[in-house]
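See below for the structure under consideration.
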Amino acid sequence: MGSQKILVIGGGISGLTAAVEAAEVGYDVTLVEQTPYLGGRVTKMHSYFPKLCVPDCGLEINYRRIKMNPKVKIITQAEVENISGRPGDYEATVKVTPRMVNDNCTACGKCVEACPVEIPNEFNYGMDKCKAIYITNGMAFPQKYAINKEACDGCGKCKEVCEYNAIDLDMSEETLTIKAGGVVVATGWTPYEASNLDTLAFGKAPNVIANVMMERLAATDGPTQGKILRPSDSAEPKSIAFVQCAGSRDQNHLPYCSGVCCMGSLKQITYVKEQYPDAQISMFYIDIRAMGYLEDFLVKVQEMENVSLIKGKVAKITEVANGNLKLEVEDIAQGNKISPEVDLVVLATGLVPSKVPGDINYDEYGFVAPDNIGIVGAGCAKKPTDVSNSVMDATGATIKAIQSVVGGGA
Ligand SMILES: Cc1cc2nc3c(=O)[nH]c(=O)nc-3n(C[C@H](O)[C@H](O)[C@H](O)COP(=O)(O)OP(=O)(O)OC[C@H]3O[C@@H](n4cnc5c(N)ncnc54)[C@H](O)[C@@H]3O)c2cc1C
């Protein structure tokens, strides 16, 4: 007899959706997430296209559904190291890193004031610092602190000031074995490493940033409290270039199109325009991909004043005086080479799938292949896609996982 449970790997919007969908039709679900908090990459966005609502509105309803449903068991800081078996009968080996903060935590924040250790804030892509004991943002779920074990010096100051006895520095690493009849792999994506793009100056010129960083610059709980400022001198940018397909559709980097970066940049143009209506904005693209109803959003941005969408691939970026950047581009429509100078450059880097080791078939790019039977990919682990398609895809994946529980994948 196989297992009647469903394992969901990854607690982003796809994994959350799969977990609640399966639990709400009566299945026991274990949701494992490798970081201390649920929500995945969406928690780091300033707003969602196309409606430009805040990410919390989509996430919060799922957190509520999870809290109300005893059939969902969440394990955070849990990374799947291996998965093996067959439809109806899988076994996952999961390494759980200690949080060192227990459920007594009220997120009061006294521990943060006491902690003497500062580290680069991973949530803000290293653009500011946080303490070794931290919570990522006000809407973080679960609402309790976590200690970065590698960074913590064990001084115990957080424990001294905690009035709730919530700090447990003796928690240790565990390895769990989880059995499941069906598995949803919703491990999502990481941004393509922009420093691999030798000619585009990322990591050398501070005012060349990646698109994911722009989301944090615009976010009110980001490193600049939502004000879009140049990293080098905190100046308000007067001219910004968005460089599309930074590494995407390129055999030397990511051969595929990530599907969401054009819309991501069009959305970020609206962030800039809201703060700096007079800013000169250019977006350099190979093709603009705004499918279906997203066309309206594209037209709205095209019609904005001082916004130029220019067909041409940026070949090189060089830092010039005052931290400004000079771009070398072929303007395809005009048939000439241009070299505009701007204050800030945003590289639209693509999505790299996060893989789980074990008995899972992946396609040539590392996305979960459609030919797996009891192990099903969902959202960006399966293909680069936006939030609404991730949600629909996760619902479909849940049905496939339930079929694996019920019929062993038959
Ligand atoms: C710049 C930019 C802007 C964007 N803006 C928008 C937008 O405005 N609107 C929109 O619809 N879409 C947008 N997107 C796309 C959006 O980010 C994705 O659709 C969304 O993140 C997909 O969610 P997911 O759950 O599939 O993956 P993720 O958000 O990546 O979540 C995956 C989760 O799995 C966890 N995980 C990974 N590996 C493991 C493991 N081995 N074990 C346990 N857990 C693991 C991760 O920690 C993470 O929490 C944007 C993308 C970019 C690049």
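Laboratory data are not the source of any read-out in this text; all were calculated from the coordinates shown. Here the structure is a predicted model, which means the values were calculated and not measured. Here the Cβ positions follow ideal geometry from the backbone for every residue, glycine too, while neighbour counts run over all protein chains shown.
In deg cm²/dmol and to the nearest 500, what is the mean residue ellipticity at 222 nm of the chain if only DSSP H runs of at least 4 residues count, each as -39500 (n - 2.57), divided by the residue total?
Details: 8 runs with 87 residues, N = 410.
Per the formula, -6500 deg cm²/dmol.
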Requested in this report: On a C-alpha basis, how far is the centre of the range 362-410 from the centre of the range 34-84 in Å? Whole number, if you could?
Outcome: 17
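Looking only at the range 192-350, where both bridge partners belong to it, what percent of the DSSP beta bridges are antiparallel (to the nearest 5)?
Details: 10 of 29 bridges.
For the range 192-350, the DSSP antiparallel bridge percentage is about 35.
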Requested in this report: Please tell me the relative contact order of the range 98-170 in percent, rounded to the nearest whole number, where contacts are Cα pairs under 8 Å and at least six residues apart.
Outcome: 44
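To the nearest 0.05, what FRET efficiency results for A369 and R249 with a Förster distance of 30 Å applied to their C-beta separation? Display every interim value, and only then the final one.
Values: r = 21 Å, r/R0 = 0.71.
About 0.90, to the nearest 0.05.
Taking GluC sites (Glu not before Pro) as exposed when DSSP calls them loop (any state but H, G, I, E, B) and at most 14 other Cβ atoms lie within 10 Å, what is the longest stretch of the chain free of them, the sites themselves excluded?
On the way: sites that count: E150, E163, E173, E193, E303, E305, E364.
In short, 1-149.
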**Report entry** 13 Å reach of a label modelled at V25, 7 Å along Cα-to-Cβ, counting backbone N of the range 382-409
**Finding:** 394-407
Query raised in the report: With each label point set 7 Å from Cα along the Cα-Cβ vector, what nm distance links V320 and D221?
Result: 4.0
Query - Kirkwood-based Rg to Rh ratio, the range 119-195, C-alpha trace - result: 1.04
**Report entry** Estimated distance in nm for a label pair at D287 and V54, the labels positioned 7 Å out from Cα along Cα-to-Cβ
**Finding:** 3.8
Requested in this report: Using only the Cα atoms of the range 276-410, build the gyration tensor, take square roots of its eigenvalues as a ≥ b ≥ c, and label the shape rounded, prolate or oblate: rounded if a/c is under 1.5, else prolate if a/b is larger than b/c, else oblate.
Outcome: prolate
Report summary line: Here, trypsin sites (Lys or Arg not before Pro) of the range 15-66 satisfying both criteria (DSSP loop; at most 13 other Cβ within 10 Å) are K51
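Grab the Cα-Cα distance for C155 and Q143, subtract it from 0.36 nm times how many residues apart they are, and report the gain in nm with one decimal. Mind showing how you got there, number by number?
Working: separation 12, 0.36 × 12 = 4.32 nm, distance 2.37 nm.
Gain on extension, C155 to Q143, equals 2.0 nm.
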Requested in this report: Work out how much length N361 to E305 would gain on full extension: take 0.36 nm times their residue separation and subtract the Cα-Cα distance, in nm to one decimal.
Outcome: 15.4 nm
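Calculate, in nm to one decimal, what Q275 and N82 gain on full extension: separation in residues at 0.36 nm each, minus their alpha carbon distance. Walk me through the numbers before you get to the answer.
Details: separation 193, 0.36 × 193 = 69.48 nm, distance 4.67 nm.
Here the segment from Q275 to N82 would lengthen by 64.8 nm.
Could you list L52, L217, L229, L309 in order of exposure, starting from the residue whose Cβ has the fewest other Cβ atoms within 10 Å?
Details: L52 13, L217 26, L229 16, L309 19.
Result, fewest neighbours first: L52, L229, L309, L217.
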Requested in this report: Fewest Cβ neighbours within 10 Å first, please rank V8, V391 accordingly.
Outcome: V391, V8
Requested in this report: Please work out the ratio of the alpha-carbon Rg of the range 50-111 to 2.2 N^0.38 Å and round it to two decimals.
Outcome: 1.59
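Can you give the longest run of the chain that contains no chymotrypsin sites (Phe, Trp or Tyr not before Pro) sitting in a DSSP loop with at most 15 other Cβ atoms inside 10 Å? Kindly include the intermediate steps, with their values, before the conclusion.
Numbers: sites that count: Y164, Y365.
The longest uninterrupted stretch comes out as 165-364.
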Query raised in the report: Binned at 10 Å from 0, what are the whole-percent values of the Cα-Cα distance distribution for the range 192-350, short to long?
Result: 11, 43, 38, 8, 0
Query raised in the report: Helix 261-275 versus the longest principal axis of the chain: what angle, 0 to 90°, nearest 10, using Cα atoms?
Result: 70
Report summary line: Per-residue Cβ contact counts at 10 Å, fewest first, order H46, H253 as H253, H46
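Mind running the shape call on the chain? Use the C-alpha gyration tensor, a ≥ b ≥ c as the square roots of the eigenvalues: rounded below 1.5 for a/c, prolate if a/b tops b/c, oblate otherwise. Walk me through the intermediate numbers first.
Working: a/c = 2.09, a/b = 1.36, b/c = 1.54.
Because a/c hits 1.5 or more and a/b fails to exceed b/c, the chain counts as oblate.
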